[in-house]
Amino acid sequence: MGADNPPPTDEKLPDEIYHDRNLLAIAFARAMRLTWGPDTAGWYRHDDWPVVWVDTPAGQKSWHVTPGLEDVLERSPLDKREPIGGYDGHSRTLKNCRLARYITRSY
């Protein structure tokens, strides 16, 4: 499967990279909610930043996204609420390990 147009060859600025990553986190949460049900993904505000969260069989994951994307979150099917039981205290390293375990189905 290929694209009709090749990817650009110019480098992205860090803000562009984070914007892409933020949209991907929101899209992942939306896909998990549609796949596993409404209690498995959502978003809430923490220290004036939206936080997108997902609960999968491999554990909880969450990402702060830029406040400029709050309008996207509000128009998404994600509920504005914290995960059941709240944030579980995972670090970035643990979140990424859980994400890799989910991807490889080793949970």
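Within this structure, ALA27 passes the test of being loosely packed, with under 14 Cβ neighbours inside 10 Å, modelled with pLDDT of 95 or more and among the hydrophobic types (A, V, I, L, M, F, W, C).
Scanning segment 56-70 for residues that are buried (at least 17 other Cβ atoms within 10 Å of the Cβ), out of contact with any strand residue (DSSP E or B) (no Cβ under 7 Å at 6 or more places or on another chain) and either under 16 Å from ILE84 (Cβ atoms) or of a type in the set (Asp, Glu) (or both) yields THR56, GLY59. Each residue in segment 51-91 was checked for being touching a Phe, Trp or Tyr at 6+ places or on another chain (Cβ under 9 Å), part of a loop (DSSP other than H, G, I, E, B) and not aromatic (Phe, Trp, Tyr), and 9 of them qualify.
Number of residues in segment 10-58 that are in contact with a Ser or Thr (Cβ under 8 Å, 6 or more places away or on another chain) and among the hydroxyl-bearing types (Ser, Thr, Tyr): the value is 3. Taken as a whole, the structure places TRP43 among residues that are among the aromatic types (Phe, Trp, Tyr), at pLDDT 95 or above, surrounded by 12 or more Cβ atoms within 10 Å (Cβ to Cβ) and within 23 Å of ARG101 (Cβ to Cβ).
The values are calculated or read from the model by the stated rules, or taken from the named source; none is laboratory data. Quick caveat, the model's predicted, so the values are computed rather than measured. Glycine also receives a Cβ, built like all others from the backbone with ideal geometry; neighbour counts cover every protein chain displayed.
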